[in-house]
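Down below is the structure, laid out as structure tokens.
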Amino acid sequence: IWPHSWSPILVCSALRSPLSFSVMKSFALFALALGATPAHAVVASPVGKTLQLLADLQAKILKEGEGAQKVYEEFSEWCEERSKTLQNDIKTGKAEVAELQAAIAQDDATVGALQAKVEQLSGEIAIDEADVKAATEIRAKEKDAFVAEEKELSEIIETLQRAIGIIEREMKGGASMLQLKNAASVAQALSVLVSASAITTSDASRLTALVQSSSEEDDMGAPAGAVYESHSGGILETLTDLLEKSEDQLDAARKKETQDTHAFEMLEQSLKDEIKYSSKELKEAKEGIAAAGEKKAALEGDLQVTSKDLAGDIKGLSDLHHDCMTKAEEFEAETKSRGEELAALAKAKGVIKDTVGGAEDLSYGFNQVSLLQVARTGLMSRAGLRQFEAARLIRDLARKQGSSELAQLAARMGSAMAASSKLGEDPFAKIKGLIQDMIEKLEKEAEADATHKAFCDKELAETNEKKADKTAEIEKLSTQIDKMSARSSRLKEEIAALQKALSELASSQAEMDKIRAEEKETFASNKADMEQGLEGVKMALKVLRDYYGKDAEDVAHEYAKGAGANIIGLLEVVESDFSKDLAEIESVEETAASAYDKETKENADEKASKEKDVEHKLKESAYLDKESASLSDDRSAVQAELDAVLEYLSKMEGECTEVAETYEQRKGRREAEIAGLKEALSTLENETALLQKRARRHRHGLRGGAALGA
């Protein structure tokens with residue numbers, strides 16, 4: 001079936017022409033295109049196939065690049081998240097290491113203080129034990145001396161009692177009465193009693209020595225025998241006086257032994273209490289050292305594990321940085337290489353499009369048919385051939401890019417050509433106008449899209465930077481707030497402990513004040529009683545000494561000078577005891593007052609120190625709370641700014657996020673469409689020029705043929 005404007009004669013004429021082969025080839029292709037297949041199913045030429053292969057290869061490389069970009073973006077995001085995780089782990093690890101080191105240092109300080117306390121307590125216990133041992137030895141010696149003295153005095157008293165009983169019995173009418181009365185001295189009287197076998201020689205010797213010793217201590221200094229030369233009862237009185245003195249000495253020795261024993265027991269109890277309390281404190285200190293050592297060992301183990309984890313995180317971060325940088329460099333190199341390949345393909349494609357169009361049309365296109373039609377018979381209009389070629393290019397481009405607008409343009413081109421043919425108008429102007437309008441539209445869209453892309457890139461970059469800055473600022477403020485809050489909490493705990501210690505110190509001081517007041521009151525009462533008693537004893541001694549110090553001639557009766565002397569001696573012992581007890585009471589009071597003053601001063605110093613610490617810690621805690629509140633306000637303000645940034649970022653991401661088609665894809669597609677349209681436009685323009693050139697050749701050939709025929 002031939003087209004309506006063709007005829008077999010035209011075909012035969014064409015086959016006989018010098019250009020029969022090329023014309024036949026073009027005619028066959030053109031006939032196949034128009035008669036055998038639809039316009040959109042024209043078989044592509046080798047050049048077109050090459051361009052198609054180049055385009056397919058470009059699409060493949062772009063697709064591979066998109067896949068690589070997606071993989072790299074996922075890897076980059078993983079690198080960033082992993083880096084943040086490791087950085088947070090490192091930050092936390094460093095904080096834990098610092099806390100563990102501080103705790104270990106605190107335990108070291110605690111152990112050092114407890115060891116010093118152990119040494120001090122050990123020294124005090126050793127001193128107290130040595131004092132107990134020394135006091136025990138002294139007490140044993142005093143006890144031995146007392147036992148010996150008590151035994152001796154008991155024997156003397158027993159001897160004196162026996163001698164006095166014998167003398168009293170003999171004086172009542174015994175055989176030795178006359179000899180006793182005539183005895184010039186106590187020694188002679190004792191000799192009489194020995195002769196009469198009343199007492200033993202040893203008892204007589206002991207009594208004689210006792211009398212002589214008593215005589216040597218007598219204030220008058222006269223021999224004992226002279227006192228008794230004038231009356232028969234002198235010997236009995238002397239022995240009675242010696243008995244009383246011996247009994248008094250025994251009582252004094254026993255009293256002194258009782259006091260010494262009591263003092264030793266008090267000292268021993270005090271030292272043992274000190275040893276007991278010091279031993280308890282020593283045990284507690286040793287237990288504290290052991291506990292601190294165990295705690296330190298556990299902390300050192302935790303520190304070792306934490307330090308190892310920290311080192312692993314630091315190394316992991318370094319390795320991650322190296323791996324991510326290596327991957328980035330590899331991706332950059334791949335992207336560059338892929339870009340170079342795309343550039344080479346684009347350049348080759350451009351060269352083919354720019355230089356091969358004419359040769360392709362001559363070898364594979366329908367221009368020869370058009371020439372034949374123009375030159376020989378005009379079977380088909382040039383407009384139809386141009387429409388066919390331009391429409392084919394536009395339809396191929398629409399099919400390749402999947403563009404409905406280009407498909408509609410191709411349809412409009414056909415309609416325009418048909419209308420122009422009927423009206424006899426120039427079809428090229430209409431088609432060129434349609435193509436030019438489409439190119440301008442696509443260029444405007446590309447420009448608007450590029451402007452929007454630049455705006456999105458700028459806004460997203462700035463907003464993400466603000467987000468990172470605000471997030472970092474919030475993290476920094478949160479860290480500062482946490483540190484200040486932790487420090488304030490520790491200070492408040494320390495303040496509570498100090499206030500509790502101050503309360504206990506005040507209670508202890510109040511108890512000390514109460515005890516001291518009671519001791520002072522007791523001391524004042526006892527001192528008054530002792531002073532009053534001592535004054536009374538002194539007055540009684542003065543009265544007795546004044547009276548019994550008189551000579552016998554001054555007294556009208558026979559007064560009991562010996563008994564008076566005994567009473568005076570006893571009062572002197574009482575005076576000595578009272579004086580000693582008063583001195584001891586005053587000494588005890590002075591010691592207690594000194595200890596109270598010392599303890600009170602120490603308590604006052606400790607109270608002042610603790611109150612100062614409380615004051616400073618309160619100020620620091622208040623400052624930290626104030627600063628923490630201020631930083632919290634700052635953090636809230638920054639958080640509000642961050643929320644606004646995040647809201648704006650979400651809005652921009654909604655506007656700029658490319659879901660169906662990326663900007664690069666749109667840009668590439670649009671550039672391909674513009675290039676295709678320009679190619680179609682160029683084809684039309686080249687076609688016009690080629691037809692005009694061939695028409696001139698054809699006219700020239702016809703004129704030459706006519707001349708030869710003539």
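The values are calculated or read from the model by the stated rules, or taken from the named source; none is laboratory data. Just so you know, these numbers come straight off a predicted model, no measurement behind them. Every residue, glycine among them, receives a Cβ derived from its backbone with ideal geometry; neighbour counts consider all protein chains shown. Just the protein is used for accessible areas: all its heavy atoms, side chains included, with ligands, DNA and RNA removed. Shrake-Rupley method; radii C 1.70, N 1.55, O 1.52, S 1.80 Å.
Of note:
- Note on THR326: accessible area is roughly 40 Å² with a 1.4 Å probe, heavy atoms of protein only.
- If you take all other residues with their beta carbon under 12 Å from the beta carbon of TYR596, and give Lys and Arg +1 and Asp and Glu -1, the sum is -4.
- Solvent-accessible area per residue for segment 469-542 (1.4 angstrom probe, square angstrom): 64
- For LYS315, a cut-off of 17 angstrom between C-alpha atoms picks up these aspartates and glutamates, skipping any fewer than 8 places away in its own chain: GLU80, GLU81, ASP89, ASP323.
- Local net charge near ALA346, Cβ-Cβ under 11 Å (Lys/Arg +1, Asp/Glu -1): 0
- Pairs with C-alpha atoms separated by more than 22 Å, drawn from the list LYS255/LYS580; LYS280/LYS617; LYS141/LYS255, are LYS280/LYS617.
- HIS452 accessible area, 1.4 Å probe, all protein chains in place, Å² to nearest 10: 80
- Distant alpha-carbon pairs in segment 233-287 (separation over 18 angstrom), percent: 61
- Extension gain, VAL573 to LYS444, is 32.9 nm, computed as 0.36 nm per intervening residue step minus the present C-alpha separation.
- Computed with every protein chain present, the accessible area of ILE125 is close to 20 Å² [probe 1.4 Å].
- Only lysines eight or more places from LYS60 in sequence, or on another chain, were considered; those with a Cα closer than 20 Å are LYS49, LYS70, LYS336, LYS347, LYS349, LYS400, LYS667.
- Over all other residues within a Cβ to Cβ distance under 9 Å of LYS296, the charged ones net out to -3, with Lys and Arg as +1 and Asp and Glu as -1.
- Whichever lysines have a C-alpha closer than 20 Å to that of LYS308, once near sequence neighbours (fewer than 8 apart) are set aside: LYS84, LYS91, LYS94, LYS295, LYS296
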